[in-house]
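Structure record follows, encoded as structure tokens.
Read-outs: derived from the displayed coordinates by stated rules, not from any lab. Given the structure is predicted, the values throughout are model-derived calculations rather than measurements. Don't worry about glycine lacking a Cβ; one is built from the backbone with ideal geometry, like all the others, and counts go over all protein chains shown.
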Amino acid sequence: MLQHSILVGVAPQITKRACYNALLVGPARLNISRSFSACARRYNDLTDRQATAAAVGPHKHNTSSPSLPVTAVSPGADVSHQNTANHGDWVLFHPVYTPEELKAVEVLHREATCFSDKLAANLVKLCRWGYDLVSRYKHKTIPPDSNMTLEQLRKEGYVLDDKQWLQRILFLESIAGVPGMVAATLRHLQSLRLMRRDNGWIHTCLEEAENERMHLMTFMTLRNPSIFFRAIILGAQGVFYNLFFLSYLISPRACHRFVGHLEEEAVLTYTKCIKEIEAGRVPEWSDLPAPQIAIDYWRLEPEANLLDVIYAVRSDETTHRFVNHSLANLDVKTDVNPFALREPDMHVKGKKIAFERTESEQYFKETREMLHKMSTDS
Ligand SMILES: [Fe+2]
Ligand SMILES: [Fe+2]
């Protein structure tokens, strides 16, 4: 399981505390007669109070370099100008992918079954349709026997040029960073208000928000958007933030489902972008070196190029797809976040749209057993 998972919190001090929590809930849990199958649907191992203690314990960190005081990075600053020891060490946890993981992503879609799921899926379709309309984007398939030149294909609207791709990506990433922060904010405020722990959801939501912002910062190194484009972002953010905030107050589950579908679209978009670059239809990006900020963030090789970055971004979007659809399958009020301490790797997330609630329960049990074993082995 270790090979197929990203075990988080492997630093000695983190492992120690995590194992302590695992010890608390491991053996004790075995004697508890209440089980998922024997009780009401609302309660399972994810809802157990002791499980909560394990999930909200020390959180995951990338420990490849020592923690050092991080100097503030001014907006637009080139990260390469910072102390080299701090490279990529000033962000929250995020996966670093193997070459096999980067290629393991599949375009997937979850069929909605209940009313709120259908509503969320249709809202995403509406957003996509509206954005395509405003940005005058039409998905046109290149005729199989076409011998048009790249210039003709671009002129006829069959393919996007690098500037059009970038504009599309920048807009989508500026919006994609909103939901995680709203969810984290509301759960944080609820925890303060009710004076109780959060079941480990806040960090995952914050990590998603930061991850999306890092996508934006990465692509921003390729272009300085116009005042007009920034004004559109401003308006879109004002509307979307408030709508999502109100929606999350009403139905957090439907909101995570909405984000799950939104991320399906993101995976689709980046998959298309990768195909276009590999087919030589975005020659401006074929050999473009990866921005330093991306090399630091995803721990890429120094000679990595933009295509490597886009593969990594697509894998991140796949994580968001999987995590949000899985969270939407849980009871948002009582269940522990099964991904608070580790996440499945891309061989799972890339091929499976989500964990059902029973799978989350099993996954969380495995995490506890793994931590318990680590504590007894050490
Ligand atoms: Fe993104
Ligand atoms: Fe995303």
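Hey, any hits in the range 328-339 for a residue that's in contact with a strand residue (DSSP E or B) (Cβ under 7 Å, 6 or more places away or on another chain) and either of a type outside the set (A, V, I, L, M, F, W, C) or within 16 Å of ligand 2 (Cβ to nearest atom) (or both)? No, the range 328-339 contains no residue that is in contact with a strand residue (DSSP E or B) (Cβ under 7 Å, 6 or more places away or on another chain) and either of a type outside the set (A, V, I, L, M, F, W, C) or within 16 Å of ligand 2 (Cβ to nearest atom) (or both).
What's the number of the only condition in (1) farther than 19 Å from Leu92 by Cβ; (2) in contact (Cβ under 8 Å) with a residue 12 or more places away in the chain; (3) of a type in the set (D, E, K, R); (4) not in a helix (DSSP H, G or I) that Glu343 fails to meet? Just one mismatch for Glu343, condition (1). I'm trying to understand the selection: among the residues of the range 185-224, which are among the acidic types (Asp, Glu) and either assigned to a helix (DSSP H, G or I) or surrounded by 23 or more Cβ atoms within 10 Å (Cβ to Cβ) (or both)? Answer for the range 185-224, where residues must be among the acidic types (Asp, Glu) and either assigned to a helix (DSSP H, G or I) or surrounded by 23 or more Cβ atoms within 10 Å (Cβ to Cβ) (or both): Glu207, Glu208, Glu210, Glu212. Tyr97 meets all of the listed conditions (1) among the aromatic types (Phe, Trp, Tyr); (2) exposed (fewer than 13 other Cβ atoms within 10 Å of the Cβ); (3) in contact with a Phe, Trp or Tyr (Cβ under 9 Å, 6 or more places away or on another chain) but one, namely (2). Filter the range 317-352 down to residues that are more than 16 Å from ligand 1 (Cβ to nearest atom) and among the β-branched types (Val, Ile, Thr) and give me whichever is surrounded by the most Cβ atoms within 10 Å (Cβ to Cβ). This residue is Val336. Within the range 257-283, the residues that satisfy the criterion of being part of a helix (DSSP H, G or I) and more than 16 Å from ligand 1 (Cβ to nearest atom) are Arg257, Lys275, Glu276, Ile277, Glu278, Pro283. When the range 226-245 is filtered for residues that are touching a residue at least 24 places away in the same chain (Cβ under 8 Å) and either among the aliphatic types (A, V, I, L, M) or farther than 12 Å from Ser174 by Cα (or both), the ones remaining, listed by number, are Ile232, Ile233, Ala236, Phe244, Phe245.
Among the residues making up the range 184-216, those that are of a type in the set (A, V, I, L, M, F, W, C), in contact (Cβ under 8 Å) with a residue 24 or more places away in the chain and either closer than 19 Å to Phe322 by Cα or within 16 Å of ligand 2 (Cβ to nearest atom) (or both) are Ala184, Trp201, Cys205, Leu206, Ala209, Met214, Leu216.
Of the residues making up the range 307-326, those that are within 11 Å of ligand 2 (Cβ to nearest atom) and either charged (D, E, K, R) or not in a helix (DSSP H, G or I) (or both) are Arg314, Asp316, Glu317, Arg321.
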